[in-house]
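Below is one structure, written out as structure tokens; the observations come after it.
The values are calculated or read from the model by the stated rules, or taken from the named source; none is laboratory data. In this text the structure is predicted, and so the values were computed from the model without any measurement. We place every Cβ from the backbone using ideal geometry, glycine too, and count neighbours over all the protein chains shown.
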Number of protein chains: 4
Amino acid sequence: MCSRTSSRSRTGRPRSAEADAAILDATRAALVELGWSKLTMGDVATRAGVAKTTLYRRWASKNELVVDAVAVLFDELELPDRGSLAADIEGVVRQFAALLERPEAKTALMAVVAESTRDEPLRQRIRASIVERQKRLVLQGRRRAQERGELPPPAPDSGPSSGTDDLIFDVVAGAVVHRALVSAEPVDADWAQRFTALLLGGLAAATQG
Amino acid sequence: MCSRTSSRSRTGRPRSAEADAAILDATRAALVELGWSKLTMGDVATRAGVAKTTLYRRWASKNELVVDAVAVLFDELELPDRGSLAADIEGVVRQFAALLERPEAKTALMAVVAESTRDEPLRQRIRASIVERQKRLVLQGRRRAQERGELPPPAPDSGPSSGTDDLIFDVVAGAVVHRALVSAEPVDADWAQRFTALLLGGLAAATQG
Amino acid sequence: MCSRTSSRSRTGRPRSAEADAAILDATRAALVELGWSKLTMGDVATRAGVAKTTLYRRWASKNELVVDAVAVLFDELELPDRGSLAADIEGVVRQFAALLERPEAKTALMAVVAESTRDEPLRQRIRASIVERQKRLVLQGRRRAQERGELPPPAPDSGPSSGTDDLIFDVVAGAVVHRALVSAEPVDADWAQRFTALLLGGLAAATQG
Amino acid sequence: MCSRTSSRSRTGRPRSAEADAAILDATRAALVELGWSKLTMGDVATRAGVAKTTLYRRWASKNELVVDAVAVLFDELELPDRGSLAADIEGVVRQFAALLERPEAKTALMAVVAESTRDEPLRQRIRASIVERQKRLVLQGRRRAQERGELPPPAPDSGPSSGTDDLIFDVVAGAVVHRALVSAEPVDADWAQRFTALLLGGLAAATQG
DNA sequence: CTATAAGCGAGACGGTACGTCGCGTCTTAAT
DNA sequence: ATTAAGACGCGACGTACCGTCTCGCTTATAG
């Protein structure tokens, strides 16, 4: 976020912590009301009751601001233990889908990813703030399934992550996003179940084969 | 595109067909050079050797223009018969990934989808111009696999499409897009193979179960 | 107006005479409704039920069109014999003032004169169409006063016009226009009387001195 | 000009006074080079080295801007005491005529008056900025002539101005403008002398009668 | 207890792009 | 050849945001 190096001068008026929160709240509110493309920095500043200079002192651009504003939504993602891998997958699918139904997430997520295709620093920020938060769930779910014995134990020389984790992540996140935003169809219980069955079947085949 | 109903007035100077082509070419060139967010209507008009008004007479907004400009890229997608369902899937995955590596597609696709979350007509346009073009390949691949006997024949009372087709489509397209644009990792032969194995395993399990 | 040389080709469809009248009527109507600066060629064409090309075939610019449209108003100016020079002057003053109260004249006259300061051909057109029509009244009034014996007879070697005529013309027309448009005060009977007294007094002094 | 009331907000960056001057200078320069009808706000802004928004923040329209730009020319008008009423009148006539020969005044004056026929606020602005500045000279000249005894002293109950002042003003200003801009003839020493003789004769007759 | 320094709200600033309007020209098919 | 219709290249419009700047003021720590 607005990183202040520790070696920074200690004199002068400190930045207002309330302003930070007000700005992020205002950003989410503006996303809900206006959507990504009609959100303006001036409007956010006005909503937050803050001067434009205050805003620019903290975030260099609309993209970074929105990433930070939306990132906290992804903190809510959790993986409560539902007893089986299938139930866990269905849970995370439904949870992610619920997130994507929130208008601020829906409009912002694809937009910042689109911007990130031509802005590497932004891509890093998205990865750190959003993507890793999601990926964590995949690792956690896999580990839990291995503990339950639903999946074979990890190869002893493998690190904390693996290519299969990446594959699963892209399949799960990609399918849900595509269903929700491109096909614009509901990610309901039925779809989640059918998707989970497909995924588990594939995993089983890969494990056995 | 700029559909002219057949009942349209016959009087007056007809619209230039060359202008249409020049504008779409210019739009793709601008996407490559500038990316979505820095593309301007004025710049496109200049590149196309056309007045701004001519551009606005045909497309109401940047969004619609870009959808039309990018849509033709999806005409190139084909499904040559590679002899097996696995090979066909790998083929379509690689083909779609190749498309997503083109800078004009990469920068435009997510952007217009993001916009479409708040613009239903735009979503319809995307569906008609882009999504259906992709989905066609899924149907074609499934039909071909059924002819080969790799998949059970269609239920006699089912229509040309099914819920499973939709599921497969979201999984394939979503996974490839997510891999390419969000994870920003290459969709290489290895990944395509592993993804195909996962998908086929899931399909087999679903068919047998 | 729209001069057609007599040696003009006789083939092809002849120009519509009705269109000419309709265009000039439409121009005056537009002047009344919109004023000079908001009058547009396209709007005049629409009002006249005529294509823009038809309009441009006859008049090269808005300025010329408006001069022609307004010029006919000045045909109404006459100098009925009221029995004395004073009465004649008052009459012409009131008549000219009445003309300047018509909104189409008010908005157009100063505007075209302003344009004519940088457009010599336009100035000539104004002179021929408008100014000479006014000046005629001065000559006529002077001649009539000389016939009545109110003014000394013309010098035998003088032409039909003189420097004094020009001076009188500028004073009368200038004062009325300034009163009506710049001071924006009514040219009522009282003012006309006081102005006439001033002018006649000056004429008498000049004649005697 | 752009009057700033004393109760104006004290916060925020104050407006640049230099910008005001630069804009008015640029406006006069553009009037000289291009004339009224080809003067554009964008061009003025560029010449002044100022953004278009800065210009619009101060003046709502081209009309008001031009009035302010031209108004300062009328500050130069003075009435040096030449010893007699006749000489004073000739002086003011020549001075006003000299002003009207400046291209920026010539092209702008009639144009804004024409616009003012449909724009009451503009008319007030012209009156305050330009007309009153001219009228002042008439009052001053009359007062001076009364001090000299060339004119009878003012009626004791009359205010600072009178209907006769207005009449004289319309006659002088109107005649000079008409001569210079409509008849487009030079206001030379001879014309000024003949005009002054006419006017003085009329005044004498009015005073005696 | 003052001096220094940064933060802050306000709003003017130089820019860039917008989407619209009017211009005057042109290309149709129909008189 | 002229007409109505309307597309065309062009240029200006007035507005909206951008990101920066200059104000006067506030709120901290350091001397």
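Results, tabulated for the structure shown:
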{"item": "Test: residue in the range A:117-128 that is away from chain B (no Cβ under 14 Å), touching a residue at least 24 places away in the same chain (Cβ under 8 Å) and not in a helix (DSSP H, G or I)", "result": "no"}
{"item": "Subset of the range C:68-79 (residues that are under 14 Å from C:Ala29 (Cα atoms) and in contact with a Phe, Trp or Tyr (Cβ under 9 Å, 6 or more places away or on another chain))", "result": "C:Asp68"}
{"item": "Failed item, numbered, when D:Gly83 is tested on (1) more than 14 Å from chain C (Cβ to nearest Cβ); (2) more than 10 Å from DNA strand F (Cβ to nearest atom); (3) within 19 Å of the chain's Cα centre (by Cα)", "result": "(3)"}
{"item": "Criterion: out of contact with any Leu (no Cβ under 9 Å at 6 or more places or on another chain) and modelled with pLDDT of 95 or more - qualifying residue of B:Arg82, B:Arg28, B:Arg58", "result": "B:Arg82"}
{"item": "The range C:36-45, subset over 14 Å from C:Ala21 (Cα atoms) and in a helix (DSSP H, G or I), residue farthest from DNA strand E (Cβ to nearest atom)", "result": "C:Asp43"}
{"item": "Qualifying residue in the range D:67-75 (condition: part of a loop (DSSP other than H, G, I, E, B), away from DNA strand F (no atom under 14 Å from the Cβ), surrounded by fewer than 21 Cβ atoms within 10 Å (Cβ to Cβ) and away from chain C (no Cβ under 12 Å))", "result": "no"}
{"item": "Residues of the range C:116-173 satisfying the condition of being more than 21 Å from C:Val72 (Cβ to Cβ) and among the hydroxyl-bearing types (Ser, Thr, Tyr)", "result": "C:Thr117, C:Ser158, C:Ser161, C:Ser162, C:Thr164"}
{"item": "Residues that are more than 16 Å from the chain's Cα centre (by Cα) and at negative phi, drawn from the range D:169-191", "result": "D:Arg179, D:Val182, D:Ser183, D:Glu185, D:Pro186, D:Val187, D:Asp188, D:Ala189, D:Asp190, D:Trp191"}
{"item": "Test: residue in the range C:28-37 that is within 14 Å of chain D (Cβ to nearest Cβ) and at positive phi", "result": "yes"}
{"item": "Residue count for the range B:186-209, restricted to those that are more than 7 Å from chain A (Cβ to nearest Cβ), within 23 Å of B:Gln146 (Cβ to Cβ) and free of Cβ contacts under 8 Å to residues at least 12 places away in the same chain", "result": "2"}
{"item": "Close pairs (9 angstrom Cβ cut-off, 6 or more residues apart or separate chains): within 11 Å of DNA strand E (Cβ to nearest atom) in the range B:9-24, part of a loop (DSSP other than H, G, I, E, B) anywhere", "result": "B:Arg15/B:Cys2; B:Arg15/B:Arg4; B:Ser16/B:Val50"}
{"item": "Answer from B:Val177, B:Val138, B:Val112 - the residue that is at pLDDT 95 or above, within 21 Å of A:Ser116 (Cβ to Cβ), more than 7 Å from chain A (Cβ to nearest Cβ) and in contact with a helix residue (DSSP H, G or I) (Cβ under 7 Å, 6 or more places away or on another chain)", "result": "B:Val112"}
